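The values are calculated or read from the model by the stated rules, or taken from the named source; none is laboratory data. Given the structure is predicted, the values throughout are model-derived calculations rather than measurements. Cβ coordinates were reconstructed from backbone atoms using ideal geometry, including for glycine residues, and neighbour counts include every protein chain displayed.
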Amino acid sequence: MPRYIYLFLIIILNTSCVKNTTSTQPISDSMYFPPTTSNAWEGKSLASLGWNQNAVQPLKDFLALKNTKAFMILVNGRIVIEEYFNGQTISSDWEWNSAGKTLVATTTGIAQQEGLLNINNKVSDYLGVGWTSMPLAKENLITLRNLLTMTSGNDDTKQLMIKANITYVADAGTRWAYSNIFQKLIDVVSNATTINFETYFNDKIKNKIGMDGYWNFGTIFSIYHSTARSMARFGILALNKGKWENTQIINENYFNESTSTSQNINPSYGFLWWLNGKSNYMLPNEQTVYSGALIPNAPPDLFAAMGAKDQRIYIIPSKKMVVIRMGDASDPLNPTFAASGFDTALWDKINALIN
């Protein structure tokens with residue numbers, strides 16, 4: 001071989017080696033977004049993550065025992081675990097219950113970034129005067145932000161959101177109480193956009209990230225139904241602070257505000273998102289303040305969409321992780337609370353797997 005060709009090959013080889021060694025992370029550790037036009041989805045093995053294979057079966061046994069329908073763990077958007085129980089399949093839909101509040105919060109934020117509403121404005125600016133049975137001066141205190149943060153001051157014992165039931169308990173912003181008052185945001189978005197809420201949601205979120213599903217609107221509950229994979233898609237959007245691939249679907253500043261303490265009464269609550277790792281928390285249907293984190297054995301940076309019967313989307317930014325749980329109530333005698341002892345028990349099993 002001529003000497004100049006030999007030297008050329010050495011230079012090429014050395015250049016390739018430099019490129020490989022300067023890569024900050026392998027492709028498999030980059031963020032992955034599943035295609036929006038198909039159900040194809042990349043996976044990642046437990047072995048590649050160094051997780052404990054022996055903890056998988058105890059986790060599955062626990063999920064089956066606790067009336068789970070679907071369960072997923074994703075890392076960097078890739079599926080690590082996907083299991084279905086009790087007749088549920090990859091194509092079966094299920095109810096999100098109050099986990100769907102986060103869909104409403106996100107849709108509201110998109111309407112704000114499009115200049116169609118402002119969350120600091122009065123609700124009556126969009127629904128008209130007299131949408132409550134409160135004295136007018138008290139009704140005028142309620143902003144969209146109060147609906148997002150559960151601080152509207154309404155009577156939270158009445159869950160049917162008709163005018164007669166929206167009565168005064170405290171000035172807006174002075175009392176945190178979990179209720180269905182958030183549903184008025186659906187009417188606000190519809191009026192502000194002059195488009196049916198579901199049509200607007202489909203255009204701005206569902207279709208852009210490849211979700212399936214549908215809304216079932218009611219006077220007590222407005223509930224989204226979808227497959228577990230569609231719930232996971234929204235989880236990936238949340239993990240990426242409102243960004244899907246190269247598109248910022250929801251303004252990052254708004255999303256960061258949504259997943260941060262929104263008021264000083266219940267630090268474990270954002271804009272319809274639950275937050276872990278705070279100094280104290282409150283629960284639905286109570287005014288008790290509990291000391292410590294919402295889920296003490298889960299990562300402190302976790303934030304979650306939580307719904308009745310233990311519907312869950314856990315987002316853990318520090319681990320690039322999304323966890324999905326759908327199903328019937330883990331405890332049929334306690335089916336309604338958004339936050340329950342199920343979370344702690346489940347995280348015992350997850351910790352045994354990932355640590």
| query | For the subset of the stretch 159-168 comprising residues that are over 10 Å from I181 (Cβ atoms) and not in a helix (DSSP H, G or I), which member is nearest to the chain's Cα centre (by Cα)? | reply | L160
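Could you please give the count of residues in the stretch 102-132 that are part of a loop (DSSP other than H, G, I, E, B) and over 25 Å from the mean Cα position of the chain (by Cα)?
Qualifying residue count for the region: 5.
Give the residues of the stretch 135-153 that are assigned to a helix (DSSP H, G or I) and either among the aliphatic types (A, V, I, L, M) or at positive phi (or both), sorted by residue number.
Across the stretch 135-153, the qualifying residues are L136, A137, L144, L147, L148.
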| query | Taking into account only those residues within the stretch 174-184 that are in a helix (DSSP H, G or I) and not polar (S, T, N, Q), which is nearest to N97 (Cα to Cα)? | reply | F182
| request: Scan the stretch 215-235 for residues that are crowded, with 21+ Cβ neighbours inside 10 Å and of a type in the set (A, V, I, L, M) and jot them down. | output: A228, M231, A232
| note | Exactly one of L141, L116, L147 is surrounded by 17 or more Cβ atoms within 10 Å (Cβ to Cβ) and touching a Phe, Trp or Tyr at 6+ places or on another chain (Cβ under 6 Å), and that one is L147
| So, of the residues in the stretch 166-184 that are crowded, with 18+ Cβ neighbours inside 10 Å and among the hydrophobic types (A, V, I, L, M, F, W, C), which turns out to be nearest to L141 (Cα to Cα)? | A172
| Which residues, taken from the stretch 190-203, are over 21 Å from F234 (Cβ atoms) and outside any helix (DSSP H, G or I)? | T194
| message | It is to be established whether one or more residues within the stretch 79-93 are small (G, A, S), within 17 Å of I324 (Cα to Cα), in a loop (DSSP other than H, G, I, E, B) and touching a residue at least 24 places away in the same chain (Cβ under 8 Å). | response | yes
| field | Out of D156, D171, D187, sole residue that is assigned to a loop (DSSP other than H, G, I, E, B), of a type outside the set (G, A, S) and modelled with pLDDT of 95 or more | value | D171
| query | Among the candidates G153, G213, which residue alone is farther than 20 Å from W96 by Cα, touching a residue at least 12 places away in the same chain (Cβ under 8 Å) and of a type in the set (G, A, S)? | reply | G153
| Among the residues of the stretch 49-93, which ones are of a type in the set (S, T, N, Q) and either at pLDDT below 95 or under 19 Å from the mean Cα position of the chain (by Cα) (or both)? | T68, N76, N86
| field | Selection count, the stretch 54-78, where residues are assigned to a strand (DSSP E or B) and of a type in the set (G, A, S) | value | 1
| field | Failed condition for I250, given (1) in a loop (DSSP other than H, G, I, E, B); (2) over 22 Å from I110 (Cβ atoms); (3) modelled with pLDDT of 95 or more | value | (2)
| How many of the residues making up the stretch 222-236 are in contact with a Ser or Thr (Cβ under 8 Å, 6 or more places away or on another chain) and either within 20 Å of I186 (Cβ to Cβ) or modelled with pLDDT under 95 (or both)? | 1
| note | In the stretch 236-248, anything within 21 Å of I119 (Cβ to Cβ), buried (at least 20 other Cβ atoms within 10 Å of the Cβ) and out of contact with any Phe, Trp or Tyr (no Cβ under 7 Å at 6 or more places or on another chain) is listed as A238
| Which ones in the stretch 280-327 are farther than 30 Å from D29 by Cα, surrounded by fewer than 16 Cβ atoms within 10 Å (Cβ to Cβ) and not aromatic (F, W, Y)? | N280, N285, E286, Q287, T288, V289, S291, G292
| said: Can you pull out every residue in the stretch 295-310 that is outside any strand (DSSP E or B) and among the aliphatic types (A, V, I, L, M)? | reply: I295, A298, L302, A308
